[in-house]
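Step one of this worksheet: look at the structure below.
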Amino acid sequence: MERRAGLPAATLGRWVLGLCLGTIGCGLLVLLLGTLAVYGKDGPLTDPTDFNGPYCAGAALDAGRDPYRVEPMRSCLRDVLAANGLRSSSTHIVYAPLPPYALAPFALLAKLPFPFATRLWLTLNIVALGVVVLAICRLSGQRPLIVVLATFATAGFASLIIAQLVPIVVAALCLAALAARRGNGAAAAIAVALAAIEPHLALPAWIALAAFVPRTRVPLLIAGALLVLLSLAYGVGLNLEFFTTTLPGQARAELYNFPPQYGLSPLLATFGASPQVALACGALSYVLMVAVGLYLGRMLARRYDDAAYIVVTPVAATLLGGTYIHGHQMAAALPLALMLLGRARTLRVVYAAAVFAVCALAVPWETLAELPIVADRLPAKPMPAHLPVLPVPSANESVTVPYVAFVKVYGQLGDSRTIAEQVVWKLPTWAGLGALLIVAARLGRRRGQAKGAVLAS
């Protein structure tokens, strides 16, 4: 592929200055929001749901302990929540189902006091959202207002309220796409290595770059080796435990957690499939959708002479199916959706499908369903006469054991919707993903000058 011209020094300087000023502004905003944190009340700063687990796992790594065991996770969660006037459960222990290399950054964050770490994490996520907006504007040529609305509805609202990893991951994937477009293999490799904090989202982009953009292969090999060495630095046993116990345990738990799940495996398990069949079908569907994404990404890259499609297309494709995928992770499909929206303007039906895909994916349907304004207006679900009493797990037990037991009992009880209603709430997102892949296939096959040099760079 023909190398794109780099950014002029003046433009680069403005970007750096804007990023610095934006970071300072975000920090001041978070400090202001911090004054609104109420002691004893749940909130994104007092109880950042999806940051608690990584923070405590990082603290465990920093102390040379096992983050995949009940202890030290239980005591850490108890302490950090107690500092905000909240109580943790002795039977429902939040954890981080991430490999050691992905927990390493949280080992640094865990050196900070929890209140400061939560504010810093929120600041980083807001900055990441700004990067996503800027990057998608450059990737797609869309007007900033459209990108801002779509980005802050999905990666913003759905992720910030629970302190998710998604904004940072999507920002890294967007930067990888920009780097691939410019023929910068090293930058693309660094970006997907950063996105590997969520392995199942980064893996399709990693495979695609290695397969179709030769100049990224050596940098990717180096980046992969560094991640492996970083993981092994915490011990071979810890890595084996993650792959043989923690990851399979997480997949089993999500089979019983259908309300927030969009994966194929939880759907099949909810409608009666055995755990073995559900997990096998989910894994096979992930492999299949990676292959579909690679095929469509290669077609689009050839059609438009743009290697950015090689990064974003496989990621979007793998959001349909799989063993488990959360609603807020659907933000990873937005870069492709907005890129194709501009390409489809001359084709009325395809453009309508692209508009539908963007709108369907931009709305965090499941997050809206979980908001009190919606959930509290639904009829209460009848509770069983006798709920099993969950045993208090032993200190050296795998943290996935009590988590699976808890989700089996309470995964459906906490949601007032029927199974049919839960499926209906997910249909717009699934339809949006389907429409996006159809648009990608239609545009990729569209007649035009195919420039294969993109795959030889």
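The values are calculated or read from the model by the stated rules, or taken from the named source; none is laboratory data. Just so you know, these numbers come straight off a predicted model, no measurement behind them. We place every Cβ from the backbone using ideal geometry, glycine too, and count neighbours over all the protein chains shown. Ligands, DNA and RNA are stripped out before the accessible areas are found, and what is left, the full protein with its side chains, is counted by its heavy atoms. Shrake-Rupley method; radii C 1.70, N 1.55, O 1.52, S 1.80 Å.
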Give the Rg (one decimal place) followed by the Dmax (whole number) of the range 39-181, computed from C-alpha coordinates and expressed in Å. 16.7, 50
So what is the relative contact order for the range 322-400, in percent, with contacts set as C-alpha pairs under 8 Å and at least six apart? 28
What is the extension gain from residue 416 to residue 359, computed as 0.36 nm multiplied by their sequence separation minus the C-alpha to C-alpha distance, in nm to one decimal? 17.9 nm
Using only the heavy atoms of the protein chains and a 1.4 Å probe, how would 330, 299 rank by accessible area, largest first? 299, 330
In Å, what Kirkwood hydrodynamic radius results for the range 270-311 from the alpha-carbon pair distances? 11.9
Heavy-atom accessible surface of the chain: percent carbon and sulfur, 1.4 Å: 69
Using bins 10 angstrom wide from zero, how does P(r) for the range 364-444 break down, in % of all Cα pairs? 14, 30, 27, 20, 8, 2
Can you give the FRET efficiency for residue 42 and residue 75, using 1/(1 + (r/R0)^6), R0 = 25 Å, r = Cβ-Cβ distance, to the nearest 0.05? 0.75
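What share of Cα pairs, in percent, lie more than 15 angstrom apart in the range 402-446? Don't skip to the answer; put the middle values down first.
Values: 632 of 990 pairs.
Summing the P(r) tail past 15 Å for the range 402-446 gives 64 percent.
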With all protein chains modelled, accessible area of residue 397 [1.4 Å, Å²]: 50
Using a 1.4 Å probe, what is the accessible area per residue for the chain, in Å²? 44
Debye log10 I(q)/I(0) at q = 0.06, 0.08, 0.10 Å⁻¹ for the chain, Cα point scatterers: -0.25, -0.46, -0.74
In whole angstrom, and with the biggest value first, how far do the Cα coordinates of the range 63-140 range along each principal axis? 47, 29, 23
Contact order relative to length for the chain, counting C-alpha pairs under 8 Å separated by 6 or more residues, stands in percent at 20
